[in-house]
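Asker: Dropping the structure in here first, questions after.
The values are calculated or read from the model by the stated rules, or taken from the named source; none is laboratory data. Source: prediction; values computed, not measured. Cβ placement follows ideal geometry from the backbone for every residue including glycine, while neighbour counts extend to all protein chains displayed. Heads up: the accessible areas ignore ligands, DNA and RNA and are worked out on the full protein's heavy atoms, side chains in. Shrake-Rupley method; radii C 1.70, N 1.55, O 1.52, S 1.80 Å.
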Amino acid sequence: TGLDSTNVERPAPLAKAMEDDTIIAYLMNGDILPLDHGFPARVVAPGWVGISSIKWVGRIRVSTTPIYVEKNTTNYVLLGPDYQPQPPAQGPSVTNQVMKSTCCLPWPATLSAGPQKVAGYAWSPFGKIAGVDVSLDGGRTFQPAGLAGPNIERAGSRWEFSFSAQPGATTITPRATDEKGNVQYDVSQQKWNQLGYLFGAMAPHPVKIV
């Protein structure tokens, strides 16, 4: 339970709470945790949606039975034709994140014609990133990008992609794969839910080349 004005609560099963990288953090980069990041302490629950990493922790309650609060019964639940209610929750609780990748460019972006190197990030809730492929033709064909910098399990990796930019309008679409074999999917495979959680489809990034 957080010490913020609404006392935000978010339960997690013991199995998640006891994972090696689920922690209560009170330091950040060797210093006392800043207020904006959750002083005096915050939960860090890698791989799970952000609401699980409660800031300003004031109380931890352990129960032998499931705990139900607003953030796992009416909010942060999946509502839609593909999901059934799970009383007292209106739908399945949102727990694991989904694989994602993105370009580090303005939206839309403008690039000069000629040799270009673009960068981005990719991350997976299940493990390290194994690779990123990039499409310049709306997802019809892909070319491999290179991973750059640290590649941290359930935290992600930076990627870089070089290409010869031709004048005109195009899109840059990254597609991540992780070490467990999970691959980002086309937007046509994205399941709809009323609150818009867990979008993990490939996202074409619009670019104008001049």
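Asker: With 186, 178 as the choices, which residue is among the acidic types (Asp, Glu) and farther than 30 Å from residue 20 by Cα?
Answerer: Answer to the selection: 186.
Asker: Let me ask something additional. Within the stretch 9-25, take every residue that is closer than 15 Å to residue 76 by Cβ and charged (D, E, K, R) and give me the one that is most open to solvent (accessible area, probe 1.4 Å). If you could, list the steps in order and put the result at the bottom.
Answerer: First, pick out the residues of the stretch 9-25 that are closer than 15 Å to residue 76 by Cβ: 9-13, 16.
Within this subset, residues satisfying the condition of being charged (D, E, K, R) are 9-10, 16.
Values: 9: 57, 10: 29, 16: 9 Å².
Here the residue is 9.
Asker: On the basis of being within 30 Å of residue 22 (Cβ to Cβ), under 14 Å from the mean Cα position of the chain (by Cα) and free of Cβ contacts under 8 Å to residues at least 60 places away in the same chain, does residue 201 make the cut? I'd like the intermediate steps shown before the answer.
Answerer: Details: within 30 Å of residue 22 (Cβ to Cβ): yes; under 14 Å from the mean Cα position of the chain (by Cα): yes; free of Cβ contacts under 8 Å to residues at least 60 places away in the same chain: yes.
Here the answer is yes, as residue 201 does meet what is asked.
Asker: If you scan the stretch 167-210, which residues turn out to be assigned to a loop (DSSP other than H, G, I, E, B), among the β-branched types (Val, Ile, Thr) and surrounded by 18 or more Cβ atoms within 10 Å (Cβ to Cβ)?
Answerer: Kept after step one, since they are assigned to a loop (DSSP other than H, G, I, E, B), are these residues of the stretch 167-210: 167, 179-182, 184-186, 190-204, 210.
If we keep only those that are among the β-branched types (Val, Ile, Thr) as well, we get 210.
Of everything in the stretch 167-210, nothing turns out to be assigned to a loop (DSSP other than H, G, I, E, B), among the β-branched types (Val, Ile, Thr) and surrounded by 18 or more Cβ atoms within 10 Å (Cβ to Cβ).
Asker: Would you check which residues across the stretch 94-138 are open to solvent by 20 Å² or more (accessible area, probe 1.4 Å) and in contact with a helix residue (DSSP H, G or I) (Cβ under 9 Å, 6 or more places away or on another chain) and list them?
Answerer: Within the stretch 94-138, 95, 97 qualify.
Asker: Can you tell me which condition residue 60 does not meet? The list is (1) out of contact with any Pro (no Cβ under 9 Å at 6 or more places or on another chain); (2) surrounded by fewer than 18 Cβ atoms within 10 Å (Cβ to Cβ); (3) in contact (Cβ under 8 Å) with a residue 24 or more places away in the chain; (4) closer than 30 Å to residue 207 by Cβ, and all the others hold.
Answerer: Condition (4) is where residue 60 drops out.
Asker: Residue by residue through the stretch 31-57, note down the ones that are over 25 Å from the mean Cα position of the chain (by Cα) and surrounded by fewer than 10 Cβ atoms within 10 Å (Cβ to Cβ).
Answerer: Matches in the stretch 31-57: 31 only.
Asker: Check 160, 153 and return the single one that is of a type in the set (Asp, Glu) and either at pLDDT 95 or above or more than 19 Å from the chain's Cα centre (by Cα) (or both).
Answerer: Matching residue, one of 160, 153: 160.
Asker: Still on this model: Determine whether residue 28 is surrounded by fewer than 12 Cβ atoms within 10 Å (Cβ to Cβ) and either in contact with a Cys (Cβ under 7 Å, 6 or more places away or on another chain) or farther than 20 Å from residue 77 by Cα (or both). Explain how you work it out, then say what you get.
Answerer: Working: surrounded by fewer than 12 Cβ atoms within 10 Å (Cβ to Cβ): no; either in contact with a Cys (Cβ under 7 Å, 6 or more places away or on another chain) or farther than 20 Å from residue 77 by Cα (or both): yes.
When the stated conditions are applied, residue 28 does not pass them.
Asker: Quick one: which of 127, 91 is at pLDDT 95 or above, part of a loop (DSSP other than H, G, I, E, B) and either touching a Lys or Arg at 6+ places or on another chain (Cβ under 6 Å) or under 30 Å from residue 67 (Cα atoms) (or both)?
Answerer: Numbers: 127 fails: at pLDDT 95 or above.
Selected residue: 91, the only one of 127, 91 that is at pLDDT 95 or above, part of a loop (DSSP other than H, G, I, E, B) and either touching a Lys or Arg at 6+ places or on another chain (Cβ under 6 Å) or under 30 Å from residue 67 (Cα atoms) (or both).
Asker: Would you please list the contacts, defined by Cβ atoms under 9 Å and residues six or more apart or on different chains, that run from a residue in the stretch 3-29 that is touching a residue at least 24 places away in the same chain (Cβ under 8 Å) to a residue that is among the aromatic types (Phe, Trp, Tyr)?
Answerer: Pairs found: 3/56; 4/56; 8/56; 10/76; 11/68; 12/48; 16/48; 22/48.
Asker: Let me ask something additional. Can you tell me which residues in the stretch 139-166 are surrounded by 12 or more Cβ atoms within 10 Å (Cβ to Cβ) and assigned to a loop (DSSP other than H, G, I, E, B)?
Answerer: Of everything in the stretch 139-166, those that are surrounded by 12 or more Cβ atoms within 10 Å (Cβ to Cβ) and assigned to a loop (DSSP other than H, G, I, E, B) turn out to be 139, 142, 145, 153, 154, 155.
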